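Report on one structure; see the data block that follows.
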Amino acid sequence: MWRIGELARMSGVSERTLRHYDKVGLLRPAAVDATTGYRWYGVPELTRLEHIRGLQRLGLSLRRIAELSDAPDAQLRQALAETVTALRRDIATMVETVAAVEDRLATDSPLLPRRARVAPRQLRLRRVEVADAVEVAALCTAAPATLVTWLSGAPAGAFTVAVTDVRGTTLTLPARTVVRAVVPPGCGVARAGLDLFDWLCRHRLSPAGPTTEDHVVDGDGMNAIVLEIPVRRLTG
């Protein structure tokens, strides 16, 4: 029989860890001296300890290991298969995050676009023809207001804009997936729009419906502009 310090040295596990395993019922000593309180361990405990540490290296939590300690092998295999699925999902998320960070570092745009699912909305709009994108700013002189365009890319030349007007024509926008960006302070909305279209191009996304530019205001009178472009993924 080995005392806790000897088992710790043999297995490369700290005494604190072994005490914790005992406390949570994961690895009980073979015996405890009633007088000294020393914990004693044998080969079965060493084998169980190695099994616990092996399952930890395979990604199972101590709680899950405790649940599976006496389970049949088929149940353990199922738990490991679920762990693989979760790890692959985490890896995919990390790969996406790395790509997003690299994309941000490769440009000087202050925008931080993200994909979101938005609810349906209904607007009353008045359509206006503009000769150039610089004319759009004059259509929203006060918040709240919404501009809608039907652009498939960065504007070049004349195009149609619709601005909210209580006497205008009703437009219903369905629930949709959009790329959303809040225009940060110091970044003009025209530049932000161009940066957002560039972002779509780099991510192989294409506009899939009317784009919105919401001029919003909070109770303190602070203004913000929110851009939303419904998207679909390019194929080929």
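The values are calculated or read from the model by the stated rules, or taken from the named source; none is laboratory data. Please read all numbers here as calculations on a predicted model, not as lab measurements. Cβ sites come from the backbone with ideal geometry, for glycine too, and all protein chains shown count toward neighbours. When the accessible area is computed, the model is the full protein with side chains, heavy atoms only, and any ligands, DNA or RNA have been set aside. Shrake-Rupley method; radii C 1.70, N 1.55, O 1.52, S 1.80 Å.
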When the convex hull of its Cα atoms is projected in every direction, mean area for the stretch 88-141 (nm²): 7.1
Computed P(r) (all Cα pairs; the chain; 10 Å bins; percent): 6, 22, 19, 10, 10, 13, 11, 6, 2, 0
Once exposed loop trypsin sites (Lys or Arg not before Pro) are cut out (DSSP; at most 13 other Cβ, 10 Å), longest piece of the chain: 1-166
Accessible carbon and sulfur surface of the stretch 1-132 relative to its total accessible area, %, 1.4 Å: 53
Residue 93 paired with residue 67, simple spin-label distance in nm, labels 7 Å along Cα-to-beta-carbon: 1.8
Per residue convex hull volume, Cα atoms of the stretch 14-79, in Å³: 88
Calculated FRET value between residue 83 and residue 112, using beta carbons and R₀ = 25 Å, to 0.05: 0.15
Radius 9 Å from Cβ of residue 118, net charge of other residues (Lys, Arg +1; Asp, Glu -1): +3
Chymotrypsin sites (Phe, Trp or Tyr not before Pro) restricted to DSSP loop in the stretch 1-56 with at most 16 other C-beta within 10 Å: 38
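When only C-alpha pairs under 8 Å and at least 6 residues apart count, what is the relative contact order of the chain, in percent?
The normalised contact order for the chain reaches 16 percent.
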Segment residue 28-residue 119, extension gain: residue separation times 0.36 nm, minus the distance between their alpha carbons: 27.3 nm
Positive-end residue of 206, 235, 158, charge dipole of the chain with Cβ unit charges: 235
Inter-label distance for residue 35 and residue 3, nm, one decimal - labels placed 7 Å from Cα along Cα-to-Cβ: 1.4
Alpha carbon Rg of the stretch 126-236, scaled by the compact-globule rule 2.2 N^0.38 Å: 1.06
Shape call, the stretch 100-176: gyration tensor on alpha carbons, a/c limit 1.5: oblate
Computed label-point distance, nm, for sites residue 50 and residue 222 using a 7 Å Cα→Cβ extension: 6.0
